[in-house]
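Chemist: Here it is: the structure, laid out below.
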Amino acid sequence: MKRYVYFALFLALTVAVAITSHDAGAPSSRQPAGKITIYTSMYEDVIRSLNQALKKQFPNCKVEFFYGGTSQIQARVATEQGTGRLGCDILLLAEPSYSLELKKKGLLHHHISAEAGNLAFGCDKDGYWHPVRVSAMVLAYNPKKNAKNSVPNSFFDFANNPGLRGALSMGNPLISGTAMAAAAALKDKYGYGYFEALRKQDITIESSSTALTKLEAGEYKAIMVLEESVLKKRKEESSGLEVIYPTDGAVIIPSVIMIIADKWSANKNIRSAEIITDWFLSPQGQDTIAAGRIHSVRKDFGAPNGSVPAGRIQTMPLNWEDTFRQWEDIQVKFEELVIYKK
């Protein structure tokens, strides 16, 4: 039985890649074997569904998911680099900037998936990462507690409307990869003054699950949150919370899948890692991911129930290469200006 171990685009960088010749058939016609270990920050309920689907699809391959937040996974990988070998074969992380660091260090395996031509979003031109799901950072409010005209309709208003002071929440960019991507995009658009504005708003930094509960209770007027988190709460709890697609653009965040280079991989099972990567991007894999109220990366998939197609959502530009280079500076500034509220 597979198990879980806990260890607590839009695309300035990417290009579309056409289907290339592949030395094997479709994922369903190939069978991986041995063992594959996957580090992921994906939702636990989605991991459970993926776990079951992979077991059924590939009974001869033992797949283990190790779950943690983006910052936890990055810290673990950094520690493991010192040993000369990572504890995983595949990484599934919230956004693509970290892949640039791993690619630069030679930790990733080159593989252009046979499914690349079916993707609506670009992949790394050298085949070191592919998008595997798409998230949208948006705003949300509770129409039972606040009128639509009393809540922000943009990220700018979210940080600058004094009537919202003390009634706002967002995730922590020091822990969450998607919150970090949002912070980077907002910094690019409005400068570090945006962080200062958030501080003046006396914003609360916390997990999305906590923020959604408080929004439901009427403690907040609005929160910055992933669209999929709101859709999940609406579906599972019959919540009346509503998504606000910011007029200055939602932050569109492609989560990525990466294969670890053979030299660094836990199980040195590259062929199986390639097959499983292709499965994640196939209709079967994307069906499982999309069932978690997440936008698929495929051209032939629609939007999750309650959403609109990602291509129709107004977006805020985000340069992933710049985000990679400025990662530490952005986190330090956010910590100084928002979290510590000096």
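Chemist: Working carefully through the options Ala18, Ala33, Ala78, find the one that is among the hydrophobic types (A, V, I, L, M, F, W, C), surrounded by fewer than 19 Cβ atoms within 10 Å (Cβ to Cβ) and at pLDDT below 85. Walk me through it before giving the result.
Modeler: Values: Ala33 fails: at pLDDT below 85; Ala78 fails: at pLDDT below 85.
Only one candidate passes the filter, namely Ala18.
Chemist: Further, regarding this structure: Within the bounds of region 171-184, is there any residue that is at pLDDT 95 or above, over 15 Å from the mean Cα position of the chain (by Cα) and at negative phi?
Modeler: no
Chemist: Please determine whether any residue of region 155-175 is crowded, with 20+ Cβ neighbours inside 10 Å, in contact with a Pro (Cβ under 9 Å, 6 or more places away or on another chain) and under 16 Å from Ser255 (Cβ atoms).
Modeler: no
Chemist: Within region 186-202, can one find any residue that is under 16 Å from the mean Cα position of the chain (by Cα), of a type in the set (D, E, K, R) and under 24 Å from Gln331 (Cβ atoms)? First the steps, then the outcome.
Modeler: So the first thing to find is which residues in region 186-202 are under 16 Å from the mean Cα position of the chain (by Cα), and the list is none.
Among the residues of region 186-202, not one is under 16 Å from the mean Cα position of the chain (by Cα), of a type in the set (D, E, K, R) and under 24 Å from Gln331 (Cβ atoms), which makes the answer no.
Chemist: Can you tell me which residue is modelled with the highest pLDDT among those in region 284-295 that are closer than 20 Å to Leu54 by Cβ and in contact with a strand residue (DSSP E or B) (Cβ under 7 Å, 6 or more places away or on another chain)?
Modeler: Among those residues, the one meeting the criterion is Gln286.
Chemist: Residue pairs, Cβ under 7 Å, 6 or more apart or interchain, first in region 252-264 and in the same structural domain as Thr79 (by TED's automatic domain parsing) and under 8 Å from His109 (Cα atoms), second among the polar types (S, T, N, Q) and modelled with pLDDT of 95 or more. List them.
Modeler: Ile259/Thr277
Chemist: In region 303-319, what residues are at negative phi and part of a loop (DSSP other than H, G, I, E, B)?
Modeler: Narrowing region 303-319 to residues at negative phi: 303-305, 307-319.
Ala303, Pro304, Asn305, Ser307, Val308, Pro309, Ile313, Gln314, Met316, Pro317, Leu318, Asn319 - these are the residues of region 303-319 that are at negative phi and part of a loop (DSSP other than H, G, I, E, B).
Chemist: Okay, moving on. Taking the residues in region 123-175 that are hydroxyl-bearing (Ser, Thr, Tyr) and touching a Leu at 6+ places or on another chain (Cβ under 6 Å) as candidates, determine which candidate is farthest from Tyr192 (Cα to Cα). Walk me through how you get there before you give the answer.
Modeler: Here is the first cut: in region 123-175, the ones hydroxyl-bearing (Ser, Thr, Tyr) are 128, 135, 141, 150, 154, 169.
Still in the running and touching a Leu at 6+ places or on another chain (Cβ under 6 Å): 128, 135.
Values: Tyr128: 32, Ser135: 24 Å.
Restricting to residues being hydroxyl-bearing (Ser, Thr, Tyr) and touching a Leu at 6+ places or on another chain (Cβ under 6 Å), the top hit is Tyr128.
Chemist: Is region 99-118 home to any residue that is under 25 Å from Gly311 (Cβ atoms), touching a Lys or Arg at 6+ places or on another chain (Cβ under 7 Å) and surrounded by 14 or more Cβ atoms within 10 Å (Cβ to Cβ)?
Modeler: Checking region 99-118: at least one residue is under 25 Å from Gly311 (Cβ atoms), touching a Lys or Arg at 6+ places or on another chain (Cβ under 7 Å) and surrounded by 14 or more Cβ atoms within 10 Å (Cβ to Cβ).
Chemist: Working only within region 278-302, note down all residues that are farther than 11 Å from Arg133 by Cβ and either assigned to a helix (DSSP H, G or I) or of a type in the set (Lys, Arg) (or both).
Modeler: Filtering region 278-302 for residues farther than 11 Å from Arg133 by Cβ gives 278-279, 282-284, 287, 291, 299-300, 302.
Once the filter is applied, which keeps residues that are farther than 11 Å from Arg133 by Cβ and either assigned to a helix (DSSP H, G or I) or of a type in the set (Lys, Arg) (or both), region 278-302 yields Asp278, Trp279, Pro283, Gln284, Asp287, Lys299.
Chemist: Which ones in region 49-101 are in contact with a strand residue (DSSP E or B) (Cβ under 8 Å, 6 or more places away or on another chain) and of a type in the set (D, E, K, R)?
Modeler: Answer for region 49-101, where residues must be in contact with a strand residue (DSSP E or B) (Cβ under 8 Å, 6 or more places away or on another chain) and of a type in the set (D, E, K, R): Lys55, Lys62, Glu64, Arg76, Asp89, Glu95.
Chemist: When residues of region 165-222 are filtered for being part of a helix (DSSP H, G or I), in contact with a strand residue (DSSP E or B) (Cβ under 6 Å, 6 or more places away or on another chain) and over 25 Å from Tyr98 (Cα atoms), how many remain?
Modeler: So the answer is 2.
Chemist: Across region 207-226, what is the total count of residues that are buried (at least 22 other Cβ atoms within 10 Å of the Cβ) and over 14 Å from Phe155 (Cα atoms)? If you could, list the steps in order and put the result at the bottom.
Modeler: Taking region 207-226 first, the residues buried (at least 22 other Cβ atoms within 10 Å of the Cβ) are 208, 211-212, 215, 220-226.
Filter again for over 14 Å from Phe155 (Cα atoms), leaving 208, 211-212, 215, 220.
Counting residues in region 207-226 that are buried (at least 22 other Cβ atoms within 10 Å of the Cβ) and over 14 Å from Phe155 (Cα atoms) gives 5.
Chemist: If you don't mind, there's one more thing I want to ask. So Ile275 ticks every box in (1) in contact with a Lys or Arg (Cβ under 6 Å, 6 or more places away or on another chain); (2) farther than 21 Å from Ala181 by Cβ; (3) part of a loop (DSSP other than H, G, I, E, B) but one. Which box is left unticked?
Modeler: (3)
Chemist: Looking at region 273-295, which of its residues are in contact with an Asp or Glu (Cβ under 8 Å, 6 or more places away or on another chain) and polar (S, T, N, Q)?
Modeler: Ser282
Chemist: Test each condition in (1) part of a loop (DSSP other than H, G, I, E, B); (2) outside the structural domain of Ala181 (by TED's automatic domain parsing); (3) on the phi < 0 side of the Ramachandran plot for Lys268 and report the one that comes out false.
Modeler: (3)
The values are calculated or read from the model by the stated rules, or taken from the named source; none is laboratory data. As the structure is a computational prediction, the values presented were derived from the model and not from experiment. Note: ideal-geometry Cβ built from the backbone for every residue, glycine included; neighbour counts use all protein chains shown.
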